[in-house]
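Okay, structure first, notes after.
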Amino acid sequence: MWYSSSRSSVRSGEMAKLTQLIDNEVFRAYATYATIVLLKMMLMSLITAYFRITRKAFVNPEDTASFGKGESAKKYLRTDADVERVRRGHLNDLENIVPFLGIGLLYALSGSDLSTALLHFRIFVGARITHTLAYLIPLPQPARGLSWVVGYAVTISMAYKVLKTALYL
Amino acid sequence: MWYSSSRSSVRSGEMAKLTQLIDNEVFRAYATYATIVLLKMMLMSLITAYFRITRKAFVNPEDTASFGKGESAKKYLRTDADVERVRRGHLNDLENIVPFLGIGLLYALSGSDLSTALLHFRIFVGARITHTLAYLIPLPQPARGLSWVVGYAVTISMAYKVLKTALYL
Amino acid sequence: MWYSSSRSSVRSGEMAKLTQLIDNEVFRAYATYATIVLLKMMLMSLITAYFRITRKAFVNPEDTASFGKGESAKKYLRTDADVERVRRGHLNDLENIVPFLGIGLLYALSGSDLSTALLHFRIFVGARITHTLAYLIPLPQPARGLSWVVGYAVTISMAYKVLKTALYL
């Protein structure tokens, strides 16, 4: 039987084999959507930097050194409404994408069928992209609130499946 | 030998098999406790929303539109001590649960025995629930400080095991 | 064929075997560098606590109770430039290390070769350590900006590899 082979054989076999987790279709779907939503989150850093530079609104004294010394640079150490808005969107991403990453990974390993998994991943990522647009444009409420609820509900649904499959207290 | 089978056979076999990571008991324990602590963290969003609505303390102008226009709505754009307290608890969760998720996953794959793993996971999740209660009630110090230290120490203990098992610099 | 064995046999075999993901060298490298960079991030909590205590700058009333009651304790409820600086560094860690954890894990399972993977992991961790030093000392710009860009670019490079290998929309 394969699993009675000596440890060293198993080892060398493992190395080739376990990296192929990525061959599982549900796992590939997770990898794709998790990467997309993380790239979207990373985009928030660039948008923050863009607004900090165009609005000249910085928080660290060393960041304004190129504007000269003393009072002339100090006036750029200020908060700006647009910068703060992007930062709130970024923090909201962290609060919601971290649960998706963790629970989604476990969900992808819980043996759910491909179409159900794709439905979860697509709705979550769509909801988070909508949330960002609703935050940055900004769209009138309840656009942002609803997109937040949808992403939240998808994560709860995956958590339910994980606990139903894996529960070991 | 099984690992000498052609790549395509291994592939189709893999797909059925690798989703069964969830059959490993230590991994199932990780899945359970990671999901529970993430759900607890997600609860912070609901508590923040609850306090924002009951205290009428918002940060985005579009969130107060239902209270009317102009000055009558503007007065609800303010910070509230309870809202800020929940938000600090939420950020502290992020700072501590993200390391747990990452290090805990690697720890669950490091071949530790079930009872030791369960001990780590249970203490961490218990400490974080205590931390949240200590923050929100609030309990006098050192309740919050101690619960933070316990969760931190459990994570360090798991990190030590991961590095001892996996170290590859 | 091994994968035609009965489910129960596969199960018991799986349990022993799948925990050995940690035997894969690229995965071990990921485990090592992910753990190191998470420990670095966790250090930010200790540095924050150190500055809060030495600068006597707290945010929760219950944290200043040991300084007495009333006005004598209230004056320690204040922000401090050094505390805020560490907190910004900590939040920047969260914003950048969360994508690394997620995308890096998927990258480690995407079958990249060991030397390329090590290059990515080492540069990322080096960049984040440099970023922290640049933030806390602080170093003049563009030290912090450049170290941030390097970590960001490494994550994008891994994301590209993950999407190229796993794309399943």
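Scanning segment A:4-24 for residues being open to solvent by 20 Å² or more (accessible area, probe 1.4 Å) and either among the charged types (D, E, K, R) or modelled with pLDDT of 95 or more (or both) gives a total of 2. Considering only segment C:25-43, how many residues are basic (Lys, Arg), crowded, with 20+ Cβ neighbours inside 10 Å and more than 8 Å from chain B (Cβ to nearest Cβ)? Adding up the residues that qualify gives 0.
Every residue, every condition in (1) more than 20 Å from the chain's Cα centre (by Cα); (2) among the charged types (D, E, K, R); (3) more than 13 Å from chain C (Cβ to nearest Cβ); (4) more than 30 Å from C:Ala65 (Cβ to Cβ), yes or no:
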residue: B:Gly126; (1), (2), (3), (4): no, no, yes, no
residue: B:Thr130; (1), (2), (3), (4): no, no, yes, no
residue: B:Ala134; (1), (2), (3), (4): no, no, no, no
residue: B:Arg144; (1), (2), (3), (4): no, yes, no, no
residue: B:Thr155; (1), (2), (3), (4): no, no, no, no
residue: B:Met158; (1), (2), (3), (4): no, no, no, yes
residue: B:Lys164; (1), (2), (3), (4): yes, yes, no, yes
residue: B:Tyr168; (1), (2), (3), (4): yes, no, no, yes
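Quick check on A:Leu46: is it assigned to a helix (DSSP H, G or I) and touching a residue at least 24 places away in the same chain (Cβ under 8 Å)? So A:Leu46 fails the test. Cβ-Cβ contacts under 6 Å between residues 6 or more apart (or on different chains), taken from a first residue in segment A:58-77 that is farther than 18 Å from C:Tyr135 by Cα and free of Cβ contacts under 8 Å to residues at least 12 places away in the same chain to a second residue that is surrounded by 14 or more Cβ atoms within 10 Å (Cβ to Cβ) and of a type outside the set (Phe, Trp, Tyr), are listed as A:Phe67/A:Ala73. For segment B:44-91: of the residues being of a type in the set (Phe, Trp, Tyr) and farther than 30 Å from B:Ala127 by Cβ, which is most open to solvent (accessible area, probe 1.4 Å)? Within segment B:44-91, the match that is most open to solvent (accessible area, probe 1.4 Å) is B:Phe67.
Selection of segment C:97-124 for residues being part of a helix (DSSP H, G or I) and open to solvent by 10 Å² or more (accessible area, probe 1.4 Å) yields C:Leu101, C:Gly102, C:Leu105, C:Leu114, C:Ser115, C:Thr116, C:Leu118, C:Leu119, C:His120, C:Arg122, C:Ile123. Restricting attention to segment B:83-114, the residues being within 7 Å of chain C (Cβ to nearest Cβ) and closer than 20 Å to B:Leu163 by Cβ number 8.
The values are calculated or read from the model by the stated rules, or taken from the named source; none is laboratory data. What you are looking at is a predicted structure, and each value in this text was computed from that prediction instead of being measured. All Cβ positions, glycine included, derive from the backbone under ideal geometry; neighbour counts span all protein chains shown. Just the protein is used for accessible areas: all its heavy atoms, side chains included, with ligands, DNA and RNA removed. Shrake-Rupley method; radii C 1.70, N 1.55, O 1.52, S 1.80 Å.
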